Amino acid sequence: YDQYNRAVGRWLVGCSGLVLGAVVLGGVTRLTESGLSMVDWHLVKEMKPPQTRAEWEAEFSKYQKFPEFKIMNRDMTLTEFKFIFYMEWGHRMWGRLVGLAYILPTIYFWRKGYFNRSMKGRVLGLCGFVFFQGLLGWYMVKSGLEEKPESHDVPRVSQYRLASHLGSALLLYCASLWTGLTLMLPPNTLNETRRLVQLRRFAKGTGGLVFLTALSGAFVAGLDAGLVYNSFPKMGERWIPDDLLAFSPALKNVFENPTTVQFDHRILGIGSLAAITGLYLFSRRMHLPKRARIAIGCLTAMAYTQVALGISTLLLYVPTPLAATHQSGSVALLTFAIWVLAELRKVAK
């Protein structure tokens, strides 16, 4: 049974690695503004990109009918179009690869009898989730292809749909990684002391905060909110910018006002850093197994790196390579948070 578990665990950790790749690629697609270059969605037909010049020109003329071209890219050449097309095509093909990486081994392991009952449910859930993720991606792209005659804004996808698409990718990532790690790592024998219970609770809260911060980053990306106040620690001349509550009702600011979205992301980022630092200091006073100590150390180091990346991205006006690294950093941070939780997990007697 153990070897089965380890094989399944390895497979799920591998899948989570592919999901990580999809998240990074999606971030780059968003930063290079390539996401709206493919205006149709076919599961099989679009696997082959245009081959001949005529096919490319046909694809380009389809793109020209949509708002992004009309408003932002009127002088785009075919060569420039090919670049954004290949970015989005790559992201979509990667998504299909992720789907196969979940579905084919599931069928294999299922028939070999590797799954117990609870694993069967989990694995079906993960496969269903991958499918849902693809649909959500297309639903998101559609929001950027609609004509909005009353809006003077640049055409872009809805930040709500972008955050849902990223959020569900991160959930899929976390669920696969958590399941994979708990199957692969032999559980630590921990003395259930009051302090350990507190540490575990603290670690769960911190993990939740990291997830929330990553999700708020999707709103920053969706609204290009990284370009509104490019100074730190103050926003412009002030600690609290005066257009923080410019929209009414007030709640709308949290999701639609670029200033508020950036402000919230800063607060959540600093909050996560403080929580992780606290977790580290709290864990130092306890006797923890070596792996758990390493995991908490990695989480702490990554948190400081991630904040430094975020601040640099802001001060340098969001250069694509740095912004993409910052986005990947959020997934690295989630990875370490899940590893910490896996090391501190309760063991069924």
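The values are calculated or read from the model by the stated rules, or taken from the named source; none is laboratory data. Every value quoted in this text rests on a predicted model; they were computed, and no experiment measured them. Ideal geometry is used to build each Cβ from the backbone, glycine not excepted, and the neighbour counts take in all protein chains shown. Keep in mind that these areas ignore ligands, DNA and RNA; they rest on the heavy atoms of the full protein, side chains included. Shrake-Rupley method; radii C 1.70, N 1.55, O 1.52, S 1.80 Å.
Here are a few things to note about the model shown:
- Principal-axis tilt of helix 53-63 within the chain, Cα atoms, nearest 10 degrees: 80 degrees
- Relative to the dominant Cα principal axis of the chain, helix 117-145 is inclined by about 20°.
- Mean-position separation - Cα centroids, the stretch 41-110 and the stretch 218-243, in angstrom: 33 Å
- Relative contact order [Cα under 8 Å, 6+ residues apart], the chain, whole percent: 22 percent
- Length-normalised contact order for the stretch 139-267 - Cα pairs under 8 Å, 6+ apart - percent: 24 percent
- Taking a sphere under 12 Å around the Cβ of residue 88 and counting the other residues whose Cβ falls inside, with K and R at +1 and D and E at -1, yields a net charge of -2.
- For the stretch 245-349, the solvent-accessible area with a 1.4 angstrom probe is 49 square angstrom per residue.
- Think of it as helices only: each DSSP H run of n ≥ 4 in the chain is worth -39500 (n - 2.57), and spread over all residues that comes to -25000 deg cm²/dmol at 222 nm.
- Tail weight of P(r) past 35 Å, computed on alpha-carbon pairs of the chain, percent: 31 percent
- Rounded FRET efficiency, nearest 0.05, which uses the C-beta distance separating residue 293 from residue 10 and R0 of 25 Å: 0.55
- Listed residues 29, 315, 130: farthest to the positive end of the dipole of the chain (Cβ charges): 130
- Nitroxide proxy distance, nm - points 7 Å out along Cα→Cβ at residue 315 and residue 282: 3.1 nm
- Rounded to the nearest Hz, the phi-derived 3J(HN,Hα) couplings of the stretch 86-102 under the Karplus curve 6.51 cos²θ - 1.76 cosθ + 1.60 (θ = phi - 60°) are 5, 4, 5, 4, x, 5, 5, 5, 4, x, 5, 4, 4, x, 5, 5, 7, where x marks glycine and proline.
- Computed with every protein chain present, the accessible area of residue 2 is close to 100 Å² [probe 1.4 Å].
- Spin-label model distance (nm) - residue 43 vs residue 57, 7 Å beyond Cα toward Cβ: 3.4 nm
- Spatial separation of Cα centroids for the stretch 302-349 and the stretch 164-217, in angstrom: 13 Å
- Principal-axis analysis of the Cα atoms of the chain puts helix 159-184 at an angle of about 30° to the longest axis.
- Label-point separation in nm, residue 252 to residue 104, each point 7 Å along Cα→Cβ: 4.9 nm
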